Amino acid sequence: MDLVKPYNANGIKRFVAITTLLSLVNPVQAKPSVRSLDKDPTDGGWLQCRAQEKFLDSFALICSTSKKGSETASAACLETGRSTGTVLRVARNLGVPPDDLCSLKKILGSLKVIAARGSSMPTPEDAMRDILFKIIDLDRDKINALFQTFTKKSVKESLNQAIAVIQRNNSRAENGSSFWQWAGTIPAFVKLSIAQGPQKMAPYLEWASCARWRYSKVLESHFSGPTGPPEWITSIYKLGRYYAAANAMVSLALKQSELFVSIELETVEPLARESFPFPQEHGLRTLLKELVPEHQEQILARLENMWNKEDAEVHFKNQFPQVLTPHAEMQMARFYESYPHLAPRLRYMGTSKKACYLCNEALNTHPLKIVAEKCHQKLYPTWLPAPCPSSTRKRNSDFLWKMTRQLERMTVQELRSSLRGVRRQFALDSTAGPSLTMTSYM
Ligand SMILES: [Zn+2]
């Protein structure tokens, strides 16, 4: 691809300066959006498309193999209806290395076998197990990082208290409800190690998948605090996603086997990150002078108080990103700008984690209308406007210009609100992947 930058030096400096300031004042720009995948699963009208969307979310989830989400955050699209067969296209922030690509192709190969339903067709249970083993092996770094949260000092206290409650309840015969029986596995689950291997881990991930989709209400009613569920619960939710992902993928291979007849996995060539030296002309005082000249000193004092720093100017400079990254969602959008004839009929992009505010805005205003329906609305100052083909440069630079103005207006509003002490709640960003609500074999 021959790509150009959709900005000039001054434009990108201004954009990053405003994004950094706004993210420091309020990192979440709106309520996280509700995904349609989490809505009514009994509406048969869009079940076929939903199954493909769940598959894409699942595949993107397993593509993100590292605990460093900024490196392996992934997006996936399904190109169907070609005479040569289906293409499953994947973009990852820093690209897909050969060994991960090889593992992903093996998983897709297993799905092909399942879809072919030949004489050697495994039972659905065997197929699930096979796929889940492969996923655990591929994503061991990330799965291991999730298990590590159970050993954190900040997590241990509430986890041990919960285990004491569970053991008390399970010691009473009258409390033999399915929830307490299920919860009785928590002490063994949190002691698991990735070193025990996929065969040992797989049944526990199936167990974990019940946390989110069967027992979340009762689980959270017993163990959540005023700020929401503790980290050990969200980690169990995240681990359960791997079973849900395997289930969603096997389910699509069985229900829409024609998609897998000659399916191929292709990757988007990664776009490079860029180093970003601090632009001296966009210091905090300068920005405040431009944005809120009437309250400049007052707001500066308020920010020092809010950030608990003696010198807001220095803190602002320290928070400035040094490297900018084109997110996987934007890399995928750029790919289809370069090759519009390959744009998928299903205008859906599966993502390994909820889309950020800027990707969501960019996709929602994109002419191709390929949506990622989940968004945590968080603003990342490290967001790099991805290079684009020269044919779409004007549209992309217009978007960036409009976005900068929009962010400036939002920043002014937030700065003025900060004088009144108004702040929004912080939202989780990493609970993505498929739900279990519509995922079944048959
Ligand atoms: Zn993003």
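The values are calculated or read from the model by the stated rules, or taken from the named source; none is laboratory data. Keep in mind it's a predicted model, so treat the numbers as computed, not measured. Don't worry about glycine lacking a Cβ; one is built from the backbone with ideal geometry, like all the others, and counts go over all protein chains shown.
Find the residue count for segment 88-114, including only residues that are assigned to a helix (DSSP H, G or I), out of contact with any helix residue (DSSP H, G or I) (no Cβ under 9 Å at 6 or more places or on another chain) and free of Cβ contacts under 8 Å to residues at least 60 places away in the same chain.
The number of residues fulfilling the criteria is 4.
Could you go through segment 54-68 and let me know if any residue there is within 16 Å of the ligand (Cβ to nearest atom) and surrounded by fewer than 23 Cβ atoms within 10 Å (Cβ to Cβ).
Yes; the residues of segment 54-68 include at least one that is within 16 Å of the ligand (Cβ to nearest atom) and surrounded by fewer than 23 Cβ atoms within 10 Å (Cβ to Cβ).
Scan segment 216-228 and give yes if some residue there is in a helix (DSSP H, G or I) and either among the hydroxyl-bearing types (Ser, Thr, Tyr) or at pLDDT 95 or above (or both), otherwise no.
Yes, segment 216-228 contains a residue that is in a helix (DSSP H, G or I) and either among the hydroxyl-bearing types (Ser, Thr, Tyr) or at pLDDT 95 or above (or both).
Do we have Ile233 as within 28 Å of Ser70 (Cβ to Cβ), under 26 Å from the mean Cα position of the chain (by Cα), modelled with pLDDT under 95 and buried (at least 16 other Cβ atoms within 10 Å of the Cβ) here?
Against the criterion (within 28 Å of Ser70 (Cβ to Cβ), under 26 Å from the mean Cα position of the chain (by Cα), modelled with pLDDT under 95 and buried (at least 16 other Cβ atoms within 10 Å of the Cβ)), Ile233 does not qualify.
Quick check, is Ser397 surrounded by fewer than 23 Cβ atoms within 10 Å (Cβ to Cβ), at pLDDT 95 or above and more than 14 Å from the ligand (Cβ to nearest atom)? First the steps, then the outcome.
Working: surrounded by fewer than 23 Cβ atoms within 10 Å (Cβ to Cβ): yes; at pLDDT 95 or above: yes; more than 14 Å from the ligand (Cβ to nearest atom): yes.
It is true that Ser397 is surrounded by fewer than 23 Cβ atoms within 10 Å (Cβ to Cβ), at pLDDT 95 or above and more than 14 Å from the ligand (Cβ to nearest atom).
Return the residue satisfying two criteria in turn: it lies in segment 351-376 and is among the charged types (D, E, K, R) and touching a strand residue (DSSP E or B) at 6+ places or on another chain (Cβ under 8 Å), and of such residues it is nearest to the ligand (Cβ to nearest atom).
Lys354
Matching residues to (1) among the polar types (S, T, N, Q); (2) in contact with a His (Cβ under 7 Å, 6 or more places away or on another chain); (3) within 16 Å of the ligand (Cβ to nearest atom):
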site: Ser257; (1), (2), (3): yes, no, no
site: Ile263; (1), (2), (3): no, no, no
site: His282; (1), (2), (3): no, no, no
site: Glu297; (1), (2), (3): no, no, no
site: Phe320; (1), (2), (3): no, no, no
site: Val323; (1), (2), (3): no, no, yes
site: Glu329; (1), (2), (3): no, no, yes
site: Met349; (1), (2), (3): no, no, yes
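May I ask you to say which residue of Glu290, Glu274, Glu337 is away from the ligand (no atom under 16 Å from the Cβ), surrounded by fewer than 19 Cβ atoms within 10 Å (Cβ to Cβ) and not aliphatic (A, V, I, L, M)?
The unique qualifying residue is Glu290.
Counting only residues that are surrounded by fewer than 13 Cβ atoms within 10 Å (Cβ to Cβ) and free of Cβ contacts under 8 Å to residues at least 60 places away in the same chain, give me the helices (runs of 4 or more DSSP H) lying completely in segment 135-210 with at least 3 of them.
Of the helices (runs of 4 or more DSSP H) lying wholly inside segment 135-210, those with at least 3 residues that are surrounded by fewer than 13 Cβ atoms within 10 Å (Cβ to Cβ) and free of Cβ contacts under 8 Å to residues at least 60 places away in the same chain span 153-171.
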